[in-house]
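I have placed the structure first, in the form of structure tokens, so that the comments after it can refer back to it.
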């Protein structure tokens with residue numbers, strides 16, 4: 001599999017360290033979070049496997065293109081629209097979470113609209129770029145940010161304040177029945193490969209996806225999940241951990257770099273994770289806008305030869321995000337993301353069934369093309 | 001068309017000027033008519049190659065055969081060609097209704113100079129000359145391949161300047177070559193006087209910030225790039241060549257990177273990229289940290305910065321802008337000033353930017369350090385074109401930071417990277433990691 005594919009999977013995993021996933025997990029720390037994580041590793045990697053395998057059968061084709069060939073119009077249009085909205089919400093949740101983080105920890109006196117506008121303006125035009133350019137952007141920004149983030153994780157693991165007794169204590173809850181909310185939060189980590197519904201157009205050559213590749217992804221995901229869940233517990237203890245709003249921010253603030261220019265790791269963590277959040281929003285909204293292009297014919301909006309059609313979704317994206325930034329508070333956002341994750345665990349397995357039908361019908365399409 | 005008509009037409013073209021010299025040679029039944037522009041030709045070779053043999057030859061036929069045998073001989077194909085060749089320094093000779101063109105051009109600009117913009121310690125120190133033929137000669141002496149192709153275009157409706165496109169037929173990026181040729185054909189400028197002008201004319205964008213062609217004066221760099229499949233454009237009368245397609249990393253390399261040992265060139269490269277980031281981010285970082293989030297720095301450092309700002313009546317943004325403004329003025333002044341005066345300018349400027357400004361409490365001490373660090377690190381960027389661009393981008397990032405704070409600066413940087421990735425240079429992505437890999441079987445396509 002091309003290295004670009006792993007970027008998609010990786011970003012979705014590490015971006016959620018900062019979002020509400022750890023908060024949801026820690027909320028259910030004595031109520032089946034650990035067992036939910038174990039179950040989600042199995043379920044998530046199964047989904048990743050089948051999802052990716054499906055797309056390797058159709059190199060260079062996006063899901064809407066496949067649907068166009070195999071399904072009726074009454075199904076196709078609403079379904080793509082629903083997908084577009086789903087991906088928009090996924091991006092928006094990251095956006096709002098990060099806006100809240102910035103106002104909480106970096107610039108408390110700045111108006112919240114201004115903060116979210118910073119992220120929105122930086123990201124929004126990038127969503128209109130070609131798919132290959134999105135990948136190149138991802139690669140460069142990852143190269144800039146990931147080494148430092150890994151360094152912070154290493155610092156966390158080697159810190160003397162990390163108490164392994166707490167970790168062991170938390171791990172003892174593995175015998176509880178898996179919690180559904182915790183499961184869906186973990187499951188969301190695996191949905192990075194679902195971005196292939198658009199990004200598959202970049203992979204024009206036949207890709208290999210077998211045991212070796214899925215093992216790598218499972219290994220990375222287990223490491224991510226472990227870090228996400230157990231490091232905050234190791235630093236903060238099990239008692240009262242469910243009350244933390246941003247467990248990872250609190251954890252990174254307990255790290256110090258004694259001899260560095262910037263002593264509090266929190267700020268480095270915050271500013272560099274901003275890059276990951278940026279990429280996460282970029283990917284989700286790129287998928288969303290590209291999906292919208294299949295539903296609406298943006299090409300027909302012209303003014304003196306200038307095609308402004310592709311820019312039409314942008315005001316909506318900005319408007320809706322700003323509205324929700326104003327309306328929601330942290331608790332509501334937490335609940336909303338929980339509900340969103342819960343919907344996705346039904347939605348994506350259903351998509352696998354759809355894929356099964358597409359694959360069968362594509363065989364007929366191919367036969368028809370050959371004759 | 002008979003030769004008389006051509007002659008009449010040529011005379012008509014030069015009617016109102018005194019430029020065209022007409023000379024009749026007449027001796028022993030031998031007749032020849034010479035037309036040339038006196039200021040353009042080498043009179044010594046005219047005497048040695050044409051006038052002297054004329055008087056020594058037995059008859060006209062022998063002289064004709066002699067002329068055709070000369071290496072400077074050119075055929076007359078049309079009247080327009082004849083006129084343009086005469087304005088290029090050819091001598092037109094008429095013997096018994098036959099026309100001969102002999103190239104006797106006197107070029108005073110064919111001296112090969114030493115590098116002045118891209119100086120290096122190792123490697124060749126020869127720069128291009130201002131004469132196209134000398135330049136092509138230079139490139140050919142560095143690149144011995146039959147596949148090296150050179151195509152000529154004449155552009156600029158008024159001044160009719162010659163442009164040479166140089167590439168290796170077998171290695172060249174054919175997509176880029178087609179785009180460049182097509183754009184050159186569409187080019188309809190009145191006057192083209194410098195090859196770097198083409199940088200603006202050949203990209204379709206009206207508003208462009210980053211250079212999409214690499215300007216260079218070093219033949220070794222041209223040769224290196226041609227061997228890498230790129231295309232060089234040289235305009236006659238210019239000591240600079242343009243190389244296209246150029247990607248961002250081209251602007252961050254010097255030829256010396258290949259001449260050093262691995263670790264030295266690695267070190268120098270790291271230094272250069274650090275310089276790039278410092279010159280881009282430092283002013284913004286100062287504003288972001290002093291005005292928006294002083295708690296980011298460790299306490300001692302934050303206090304030092306705040307202490308140094310005591311008595312400064314401006315906000316940090318105005319302070320940075322004020323100092324950067326003077327630094328940019330100083331930079332610009334030292335380019336434009338005559339050499340005799342420029343020393344004064346730098347001394348006075350250095351004094352203002354150095355101590356006086358802090359003593360007058362118009363800027364903090366740390367600000368002075370930052371401005372000088374920024375100035376120095378801008379000079380580390382090896383290609384001048386990019387350094388100019390960085391100066392503008394720096395101001396944009398400063399502006400973004402003063403509105404949106406540190407998060408704005410970070411996102412501004414990411415946005416800048418995204419913009420660079422979005423850019424194209426003649427069909428090649430402007431910024432992409434592992435750009436050099438030209439594997440035949442890449443695992444992914446382009447979308």
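Values in this text are rule-based calculations from the coordinates and carry no lab data. Keep in mind that this is a model prediction, so the values were computed, not measured. Cβ placement follows ideal geometry from the backbone for every residue including glycine, while neighbour counts extend to all protein chains displayed.
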### Task
Grab the beta carbon distance between residue A:180 and residue B:137, set R0 = 56 Å, and tell me the FRET efficiency rounded to 0.05.
0.10
### Task
Determine the gain in length on full extension of the stretch residue A:297-residue A:3; use 0.36 nm per residue of separation and subtract their C-alpha separation, reporting nm with one decimal.
102.6 nm
### Query
Taking other Cβ within 10 Å of each residue's Cβ, how do A:285, A:164, A:87 sort, fewest first?
A:164, A:87, A:285
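Just round it to a whole percent: the fraction of Cα-Cα distances in the stretch B:73-131 exceeding 19 Å.
Beyond 19 Å sits 51 percent of the P(r) for the stretch B:73-131.
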### Summary
Long-range alpha-carbon pairs in the protein assembly as shown, meaning those over 40 Å apart, account in percent for 51
### Query
Any idea how far the Cα center of the stretch B:103-131 sits from the one of the stretch A:68-106, in Å?
59
### Query
With the calculation restricted to Cα positions, what are the radius of gyration and Dmax of chain B in angstrom?
29.1, 102
### Message
Over 5 Å intervals from 0, what percent of Cα-Cα pairs in the stretch B:132-246 sits in each interval?
### Response
2, 12, 25, 25, 21, 10, 4, 1
### Query
Most fluctuating residue of B:268, B:158, B:374 in a GNM of chain B with Cα springs under 10 Å: which is it?
B:158
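Across every pair of different alpha-carbon atoms, what Kirkwood hydrodynamic radius in Å does chain A reach?
On the way: mean 1/r = 0.0464 Å⁻¹.
Computed over Cα pairs of chain A, the Kirkwood hydrodynamic radius comes out at 21.6 Å.
Between residue B:206 and residue B:44, what is the FRET efficiency for a Förster distance of 35 Å, r being their Cβ-Cβ separation, to the nearest 0.05? Working shown, then result.
On the way: r = 50 Å, r/R0 = 1.42.
About 0.10, to the nearest 0.05.
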### Task
On each of the three principal axes of the Cα atoms of the stretch B:313-447, give max minus min coordinate, whole Å, ordered largest first.
63, 40, 18
### Virtual spin-label span in nm between residue B:24 and residue A:359, 7 Å along Cα→Cβ
9.7
### Query
Distance from the Cα centre of the stretch A:335-371 to that of the stretch B:221-276, in angstrom?
49
### Task
Could you work out how far apart the two model spin labels at residue B:154 and residue A:346 are, taking each label as a point 7 Å from the Cα in the direction of the beta carbon, and quote it in nm?
7.7
### Message
Compute a Gaussian network model of chain A, connecting alpha carbons closer than 10 Å, and tell me which residue from A:305, A:338, A:234 fluctuates the most.
### Response
A:305
### Task
Give the relative contact order (percent, whole number) for the stretch B:260-429; include only Cα pairs under 8 Å separated by 6+ residues.
37
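For the protein assembly as shown, what does -39500 (n - 2.57) per DSSP helix run (n ≥ 4), summed and divided by total residues, give at 222 nm, in deg cm²/dmol to the nearest 500? Before the final figure, lay out the partial values.
On the way: 30 runs with 472 residues, N = 818.
Mean residue ellipticity at 222 nm (helix-derived): -19000 deg cm²/dmol.
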### Query
Efficiency by 1/(1 + (r/R0)^6): what FRET value for residue B:8 and residue B:249, r their Cβ-Cβ distance, R0 = 41 Å, to the nearest 0.05?
0.10
### Query
Which distance in nm do the two modelled labels at residue A:71 and residue A:254 give, with both placed 7 Å along the Cα-to-Cβ direction?
4.7
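Could you work out the mean count of beta carbons from other protein chains within 10 Å of each residue's beta carbon in A:131-139? Spell out each step's value before the answer.
On the way: counts 2, 7, 11, 4, 5, 12, 10, 2, 4.
Averaged over the peptide's residues, the number is 6.
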### Query
Please state the relative contact order of chain A as a whole percent: Cα pairs under 8 Å, 6+ residues apart?
38
#### Entry: Average other protein chain Cβ within 10 Å of Cβ, residues B:400-410
6
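Report the full-extension gain for the segment residue B:342 to residue B:110: residue separation times 0.36 nm, less the Cα-Cα distance, to one decimal in nm. Intermediate values should be presented prior to the final figure.
Numbers: separation 232, 0.36 × 232 = 83.52 nm, distance 2.93 nm.
Between residue B:342 and residue B:110, full extension yields 80.6 nm more.
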### Query
What average number of partner chain Cβ atoms lie no more than 10 Å from the Cβ of the residues making up B:285-293?
2
### Query
Taking N as the number of residues in the stretch B:3-103, what is its Cα Rg relative to 2.2 N^0.38 Å?
1.00
## Note on the structure
Sorted largest first, the C-alpha extents of the stretch B:285-338 along its principal axes in whole angstrom are 48, 20, 16
